[in-house]
Amino acid sequence: MNNSLWIASANEDKKTYKSLGEDKYADVCIIGGGLTGLTTAYYLSKAGKSVIVLEKDKIGNHTTGNTTGKITSQHGLFYDYLINSVGIKKAKQYLEANEEAINNIEKIVNEEKIECNFERMDNFVFTQDKNYVQKIKDEVEAVKKLGFNSEFTNKIEVPLKVKGDNKIEQAKEEIVGKNEDDISISKEVLAAIKFPNQAQFNSYKYIIGLANKIEENKGEIYEYSKVIDIKGEDDIYVVETENSKIKAEYVVIASHYPIINFPGFYFMKMYQETSYLIAVETNNELFDGMYINAEEPAISLRTAIYNGKRVLLVGGMNHKTGAKIDLKQAYKKLEKVAKSLYPDCKVLFRWNTEDCITLDKIPYIGEFSNFMPNVYVGTGYKKWGMTSSNVAANIITDKILGRENKYEEVFNSKRLKPIKNYKELGNMLKEVSYSLVINKLRKEDELLKNINKGEGKIVEVEGKKVGVYKDKEGNIFAVKPYCTHLGCELSWNNLDDTWDCPCHGSRFTYEGKNIYDPAIKDLEKLNIF
């Protein structure tokens with residue numbers, strides 16, 4: 001059950017790609033087999049470039065295969081903020097780029113005949129909190145300034161319930177740091193902004209279709225081929241994996257989070273958030289459209305096709321990756337939301353993912369650094385990667401092919417404009433400093449005997465900190481609890497049984513295997529007996 005609906009419904013259609021086992025040359029080497037990497041490979045291979053894609057796991061198995069699959073330019077209540085932050089010109093570029101991305105994806109689906117349940121849907125951001133009504137009205141006016149046809153409404157198709165005098169039932173338990181009454185859709189909708197003619201699809205089926213077309217265009221894809229370094233040699237780059245090397249004139253870092261720290265310094269400009277999804281079935285007729293509430297924490301709603309039947313997807317419960325909070329009830333909250341809409345519903349799938357968020361909320365797309373010409377990056381999509389990945393693929397493709405792209409200015413990955421979001425910058429630096437320095441000096445009194453079965457903790461053994469997990473059979477797994485990216489102290493994730501980095505979002509299994517970047521090395525295993 002703890003698997004993405006997208007992956008579960010399409011795994012049998014996906015072929016397996018071999019690991020890179022020999023040195024090769026290509027015009028372009030793309031690091032990362034998610035939507036950004038494969039869309040870029042699709043465009044470049046179609047243009048006649050020789051392309052090699054390297055994926056450290058299976059293509060699409062991380063963020064792409066665990067998304068909501070919403071294809072929309074409505075990225076929350078964003079455009080009023082964007083106009084105030086970067087001005088009308090760049091805000092318009094951002095909106096038009098993402099609108100064009102929707103059309104681009106539809107064009108690819110139709111031209112390549114990719115079966116991925118693509119369908120046009122209206123998208124809504126709504127609120128049940130009177131404090132957000134004016135914010136929605138401001139957003140409508142902001143979007144109007146950009147020439148887009150949005151609509152203000154207080155009626156949506158989701159069967160929200162009104163209980164008594166609209167007061168939400170009080171609850172005593174806390175889940176993921178939020179009170180029960182903070183997350184409810186039992187009240188009436190007070191306001192909403194509608195973006196018409198957006199879209200949704202099965203992201204995993206789409207990526208399988210892209211991969212097939214890349215191979216038809218003579219592109220090469222390799223799975224289980226983790227990149228460990230990128231080096232410049234004369235006028236060419238050498239991309240090193242654990243077993244082989246690829247020489248390429250151009251390199252695209254599409255690894256979700258850039259795997260190299262210097263130059264670029266992206267670790268100082270982004271953080272990661274984790275969010276959760278469930279898919280449920282019900283005997284009731286489901287609504288049309290895609291929905292997300294404006295207030296925090298966000299709850300996302302859409303429908304999808306599974307085994308020929310329409311099911312409901314409920315997502316949200318986002319938090320900073322690596323936060324020291326209890327995660328075991330994360331899905332229970334989403335289930336409660338689903339049951340408030342459809343009491344008879346049954347959970348089919350549960351899954352979660354994480355995404356990079358830049359401090360100014362705009363993705364980094366384009367040249368990786370002035371010091372690494374012909375190396376490109378796409379990252380920081382703020383959970384809106386379906387359109388942002390296509391925007392990135394088009395900008396990067398144009399750069400490699402020597403064409404101008406009218407949208408690249410707003411996404412400039414080398415931008416140095418001072419961060420206006422001072423509060424978030426301060427919080428991130430505080431968290432990084434805490435994990436890098438203060439936590440390493442703090443004493444821990446936990447002893448191994450105090451760790452329960454199925455529990456993970458950081459304990460002190462002979463004066464040194466050790467990350468210890470005790471499985472249900474009582475077996476002990478010990479690791480050095482510092483991220484192999486930049487050395488931040490890790491946090492135990494009691495939902496997925498992983499070690500998570502609160503600084504930049506890297507994640508590791510309890511045995512120490514690296515599963516999420518920007519870290520590329522496994523944790524050091526320790527023998528504490």
In the range 392-415, which residues are closer than 16 Å to Asn103 by Cβ, open to solvent by 10 Å² or more (accessible area, probe 1.4 Å) and in contact (Cβ under 8 Å) with a residue 60 or more places away in the chain?
-> Asn394, Lys406, Tyr407
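Please pick out the residue among Tyr25, Tyr81 that is hydroxyl-bearing (Ser, Thr, Tyr), part of a strand (DSSP E or B) and on the phi < 0 side of the Ramachandran plot.
Tyr25
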Pull up the range 221-253, narrow it to residues that are in a loop (DSSP other than H, G, I, E, B) and either of a type in the set (Ser, Thr, Tyr) or open to solvent by less than 10 Å² (accessible area, probe 1.4 Å) (or both), then point me to the one that is farthest from Thr39 (Cα to Cα).
-> Ser244
Scan of the range 83-135 for residues that are open to solvent by less than 50 Å² (accessible area, probe 1.4 Å) and free of Cβ contacts under 8 Å to residues at least 40 places away in the same chain, ordered by number | Gly87
Residues that are crowded, with 17+ Cβ neighbours inside 10 Å and without any contact (Cβ under 8 Å) to a residue 60 or more places away in the chain, drawn from the range 489-505 = Glu489, Trp492, Thr498, Trp499
Of the residues in the range 47-71 that are touching a helix residue (DSSP H, G or I) at 6+ places or on another chain (Cβ under 8 Å) and surrounded by fewer than 24 Cβ atoms within 10 Å (Cβ to Cβ), the one that is modelled with the lowest pLDDT is Thr63
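Conditions tested, residue by residue: (1) within 18 Å of Ile31 (Cβ to Cβ); (2) in contact with a Ser or Thr (Cβ under 8 Å, 6 or more places away or on another chain); (3) among the charged types (D, E, K, R).
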| residue | (1), (2), (3) |
| --- | --- |
| Tyr306 | no, yes, no |
| Ala323 | no, yes, no |
| Asp344 | no, yes, yes |
| Arg350 | no, no, yes |
| Asp355 | yes, yes, yes |
| Pro363 | yes, yes, no |
| Pro373 | yes, no, no |
| Gly402 | no, no, no |
| Lys406 | no, no, yes |
Only residues that are touching a residue at least 40 places away in the same chain (Cβ under 8 Å), open to solvent by 20 Å² or more (accessible area, probe 1.4 Å) and not in a strand (DSSP E or B): list them for the range 299-330, please.
-> Asn307, Ala323, Lys324, Ile325, Asp326, Lys328, Gln329
Do the conditions hold for Ala294, that is, is it closer than 29 Å to Glu12 by Cβ and in contact with a helix residue (DSSP H, G or I) (Cβ under 8 Å, 6 or more places away or on another chain)?
-> no
For the range 1-46, how many residues are more than 30 Å from Lys346 (Cβ to Cβ), in contact with a strand residue (DSSP E or B) (Cβ under 6 Å, 6 or more places away or on another chain) and open to solvent by 60 Å² or more (accessible area, probe 1.4 Å)?
-> 2
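The values are calculated or read from the model by the stated rules, or taken from the named source; none is laboratory data. This structure is a prediction, so every number in the text was calculated from the model and none was measured. Because the Cβ atoms are built from the backbone with ideal geometry, glycine has one as well, and the counts that use them run over all protein chains shown. We work out accessible area using only protein heavy atoms, side chains counted, and drop any ligands, DNA or RNA first. Shrake-Rupley method; radii C 1.70, N 1.55, O 1.52, S 1.80 Å.
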